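**Student:** Pasting a structure here, questions to come.
The values are calculated or read from the model by the stated rules, or taken from the named source; none is laboratory data. Not measured: the values here are computed from a predicted model. Positions of Cβ are generated from backbone atoms using ideal geometry, with glycine treated the same way; all protein chains shown enter the neighbour counts.
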Amino acid sequence: MARWDKILSLPVQNPPALEFSSKDLVWSTVEGWRDNIDRISLIPFARVDDFVRGESANEDCPTRFHVEARRKRPSDTTCKPKVDGILEYILYWCSFGPDDHRKGGIVRPSRTSYAPKKKSAGRPNTKRGCTCHFIVKRLIAEPSVALIIYNKVEHIDKNGLPCHGPQDKKAAGTRAMYAPYISEDLRLHVLSLLYVGVSVETIMQRHKESVERQGGPSNRDDLLNHRHVRRQERIIRRFSYELDSDDAISVSKWVESHQSWVFFYEDYSDSEPFALGIQTEWQLQQMIRFGNRSLLASDSRFGTNKLKYPVHSLVVFNSENKAIPVAWMITPKFASGDAYRWMRALYNRVRTKDPLWKVAGFIVDDPLTDTLSIKEVFQCPILICFWRVRHAWHKNLMNRCSDMDYCAEISKKLGESVSNICKGHGNAHVFEAALEDFIDASDFVDYFKAVWSPRLGLWVDALKSYPMASHEASAAMESYHHLLRLRLVNEKDNSVYERADWLVHKLGTKVHSYFWLDEYSGKGDFARYWKDEWFSGLTAWRKSMKIPDDDITMEDKIARVVDQEDRSAIHIVRNPGSEYALCDCDRANAGNLCDHVFKTIRFYRDKKHVERSLSMLQYHQALMKILHCPQHDSLARDYASSLAVWVQMQLDSQIGQPSSSHASDSAMEQVSDQPTANQDSVLLNENPSRNDNGSDEPSTALVNEVMSENDMLDYENGTEVSRAEMEIDA
């Protein structure tokens, strides 16, 4: 028992990395079986796969570990808890062993029937007698912890000689020089290309060209062969999403075979609604990479009017500030209690990988979102994104009113009403008053009163309670929603939309592949095969930064912007300088935010022709609250002033201001709330997560300090509105 007391007293190690190896752990020695000395360590059981991947990526001897043996106690077995009782036993062995198929090698008696396959010269069998292996035990006493016993660390055969890798001279020029299988990145690359329709021949041709450019094979991925790609293509072609005629049974079978992708699952029942949370390993990595000390955003409803169940997406902003999905939640009803459970499950999944992971802020796009659960789970401030409402107003205004000048006046009034509410003035009645004079647009006014009047109260409360998200965040969310619709809802047979198994299958395969390829650096090699669903490009906000000031001409109530693709085309922007401006380009006519509108906003603010954005105004108000102290000559006042300067310095370090030496003067200039504030700083809040150089470390403390008053501005919603009634655009 003394041995087990020593084992259970060891600390559980959880390195803050996506993958880790034995080099990242501190190993202890205890007396083992047959008087041997065991080399052991404790890690979370949920991170065993991360350890296996990290150990396989050994630079000195790349390999891959496979499960050689496994024993698992049945879940329904009743047993008396014992300190040394085992719930699960897994033996991982280097894939170059344990058998030795080389000439004169030893093969276990159970494998004597093995018949060597005919292979060309230079490609011997992968079994080379490697003795490297380790054991993983899941104990009854600590089910959440994995005990790793790692005695055979070196990749050698029974004679003590290197049997594969760079140290094995006989492996030179063969596959034994590298790991026996392709990497996970290449596997995802091949699968993604196949899912989006690229042929096997094209994939292999591009791969061969890449290997030739680098002068021949240098790693395991360079040895990708046609047979492997063809086998993957055959599996994809023969697979059917309909695993059972009963949709519920089919989904449960999918969940059973994709356990590593599912972070939350509630089966169909009379008491609980169906709920399924999907997050692939790649999405988890992106959530940790781009979501840590940054922003998380919610696209709360997609497909309400078309799909059997709506899709709730959680997204992060990558180095180009484009929104990429890191989790999908599928459920017919987003109740408060359910939201807390799946958010907690997702949060725990991420924190298991990285215990230091923390969100700096959470952007919501629906006043009915369970913000209390978000704050309790993620411990971060809340921002509200108004893009859905603006999109619906703009789209219906263009469809229901043919006079562009009249549309511009209506849009301007709506924008002023939103601005007044965000500043704390007025209520839902300001919208009705703003539309009273537009009797010639009765079609739009009737639509507004019928659809929006019942829900304006919720939005007014939300706009008064939470800071408004920036224009770039709105552009990124709108772009993601458009891409998801383009990539998901494009089937010729509309009957598939009534099945949940089709939805989960397509999200996890084709849709996931498109977003993976968006982040793939070598996607330019397949540019000629791009389709509308593949090509994403920059967001409208990012495109606007590429429009030179010389391409804008200001007139009385309009601005003319030169098209960047067709220099002979000129776009007219009405209400220039406002988010509620109207442009005559095709993208804007569909209700979307376009780069011409964003360019006029930046241009007019640089010229000081329009007031600062709502998000920047709310940032100033937050700084004023920091500085507001009753004792004007107290130490608290000094602390508040230094805190404001520190906040400005954090912004300067992230955005890259010209000179951080003037941070003090700049901060006090911002706090003074003067109309002539530095216009460069106006753009500080137009970046949802990162600066232009792709920094991955935005200021968590900035968001936490400046927006901490959100914790005191919770609004309680006493009115229930169904999700279908709140749907704006699927």
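**Student:** For Lys152, are the conditions met, namely being under 30 Å from Val30 (Cα atoms), more than 37 Å from the chain's Cα centre (by Cα) and either surrounded by 20 or more Cβ atoms within 10 Å (Cβ to Cβ) or in the same structural domain as Cys94 (by TED's automatic domain parsing) (or both)?
**Tutor:** The answer is yes for Lys152.
**Student:** Search the stretch 289-337 for residues being among the aliphatic types (A, V, I, L, M) and assigned to a loop (DSSP other than H, G, I, E, B), and hand back the single one that is surrounded by the most Cβ atoms within 10 Å (Cβ to Cβ).
**Tutor:** My answer is Leu307.
**Student:** So in the stretch 568-579, with the set limited to residues that are modelled with pLDDT of 90 or more and part of a loop (DSSP other than H, G, I, E, B), which one is farthest from the chain's Cα centre (by Cα)?
**Tutor:** Taking the stretch 568-579 first, the residues modelled with pLDDT of 90 or more are 568-576.
Next, from what is left, pick out any that are part of a loop (DSSP other than H, G, I, E, B): 568-569, 575-576.
Values: Ser568: 39, Ala569: 37, Asn575: 35, Pro576: 33 Å.
Of everything passing the filter in the stretch 568-579, Ser568 is farthest from the chain's Cα centre (by Cα).
**Student:** Is it the case that Gln286 is surrounded by fewer than 23 Cβ atoms within 10 Å (Cβ to Cβ) and assigned by TED's automatic domain parsing to the domain that holds Tyr340?
**Tutor:** yes
**Student:** Looking at the stretch 193-201, is at least one residue in contact with a Phe, Trp or Tyr (Cβ under 7 Å, 6 or more places away or on another chain) and either modelled with pLDDT under 85 or among the small types (Gly, Ala, Ser) (or both)?
**Tutor:** Within the stretch 193-201, none of the residues are in contact with a Phe, Trp or Tyr (Cβ under 7 Å, 6 or more places away or on another chain) and either modelled with pLDDT under 85 or among the small types (Gly, Ala, Ser) (or both).
**Student:** Still on this structure, please answer the following. Against the definition (over 30 Å from Lys523 (Cβ atoms) and modelled with pLDDT of 90 or more), how does Asp584 come out, yes or no? Walk me through how you get there before you give the answer.
**Tutor:** Working: over 30 Å from Lys523 (Cβ atoms): yes; modelled with pLDDT of 90 or more: yes.
Against the criterion (over 30 Å from Lys523 (Cβ atoms) and modelled with pLDDT of 90 or more), Asp584 qualifies.
**Student:** Further question on the same structure: Do you know which of the residues in the stretch 169-180 that are surrounded by fewer than 19 Cβ atoms within 10 Å (Cβ to Cβ) and outside any helix (DSSP H, G or I) is modelled with the highest pLDDT?
**Tutor:** Among them, the one singled out is Ala172.
**Student:** I've got another one for you. What pairs come out if I take residues in the stretch 542-562 that are farther than 16 Å from Arg605 by Cα and outside the structural domain of Cys583 (by TED's automatic domain parsing) and pair them with residues that are at pLDDT below 95 and in a strand (DSSP E or B) whose C-beta lies under 8 Å away, six or more apart or interchain?
**Tutor:** Taking only residues 6 or more apart or on different chains, not a single pair turns up.
Table: residues versus (1) among the polar types (S, T, N, Q); (2) at pLDDT 85 or above.
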| residue | (1), (2) |
| --- | --- |
| Phe96 | no, yes |
| Lys117 | no, no |
| Ala121 | no, no |
| Val136 | no, yes |
| Ser144 | yes, yes |
| Val153 | no, yes |
| Ile156 | no, yes |
| Asn159 | yes, yes |
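**Student:** Right, here's the next one. Outside any helix (DSSP H, G or I), among the acidic types (Asp, Glu) and loosely packed, with under 14 Cβ neighbours inside 10 Å, is that true of Asp38?
**Tutor:** Spelling it out, it is not the case that Asp38 is outside any helix (DSSP H, G or I), among the acidic types (Asp, Glu) and loosely packed, with under 14 Cβ neighbours inside 10 Å.
**Student:** Let me ask another. Hey, which of the helices (runs of 4 or more DSSP H) in the stretch 456-507, taking only ones fully inside, have at least 3 residues that are surrounded by fewer than 19 Cβ atoms within 10 Å (Cβ to Cβ) and touching a residue at least 40 places away in the same chain (Cβ under 8 Å)?
**Tutor:** Hits in the stretch 456-507: 456-465, 471-488.
**Student:** A further question follows. Of the residues Ser210, Ser218, which single one is out of contact with any helix residue (DSSP H, G or I) (no Cβ under 8 Å at 6 or more places or on another chain) and over 26 Å from Asp99 (Cα atoms)?
**Tutor:** Ser218
**Student:** Quick check: anything in the stretch 298-319 among the charged types (D, E, K, R) and either within 14 Å of Ala500 (Cβ to Cβ) or at pLDDT 95 or above (or both)?
**Tutor:** yes
**Student:** Go through the stretch 286-305 and report how many residues are more than 17 Å from Val511 (Cα to Cα) and of a type outside the set (A, V, I, L, M, F, W, C).
**Tutor:** 9
**Student:** Tell me which residues, restricted to the stretch 16-50, are modelled with pLDDT under 90 and closer than 30 Å to Met287 by Cβ.
**Tutor:** Pro16, Ala17, Leu18
**Student:** Pairs only if they're at least six apart or on different chains, beta carbon under 6 angstrom, first in the stretch 68-91 and at pLDDT 70 or above, second surrounded by 13 or more Cβ atoms within 10 Å (Cβ to Cβ) and of a type in the set (Ser, Thr, Tyr); list them, first residue then second.
**Tutor:** The qualifying pairs are Arg71/Tyr89.
**Student:** OK, next. Considering only the stretch 195-215, state which residues are part of a helix (DSSP H, G or I), in contact (Cβ under 8 Å) with a residue 60 or more places away in the chain and either closer than 23 Å to His505 by Cα or under 25 Å from the mean Cα position of the chain (by Cα) (or both).
**Tutor:** Scanning the stretch 195-215 gives a single hit, Tyr195.
**Student:** Looking only at the stretch 579-605, how many residues end up being in contact with a Lys or Arg (Cβ under 7 Å, 6 or more places away or on another chain) and closer than 19 Å to Arg567 by Cβ?
**Tutor:** 2
**Student:** Being under 22 Å from Tyr406 (Cβ atoms), charged (D, E, K, R) and surrounded by 15 or more Cβ atoms within 10 Å (Cβ to Cβ) is the filter here, so list the residues in the stretch 585-614 that pass it.
**Tutor:** Arg587
**Student:** With among the β-branched types (Val, Ile, Thr), part of a helix (DSSP H, G or I), closer than 17 Å to Met468 by Cβ and not assigned by TED's automatic domain parsing to the domain that holds Ser144 as the only criterion, which of Val418, Val377, Val445 stands out?
**Tutor:** That would be Val418, the only listed residue that is among the β-branched types (Val, Ile, Thr), part of a helix (DSSP H, G or I), closer than 17 Å to Met468 by Cβ and not assigned by TED's automatic domain parsing to the domain that holds Ser144.
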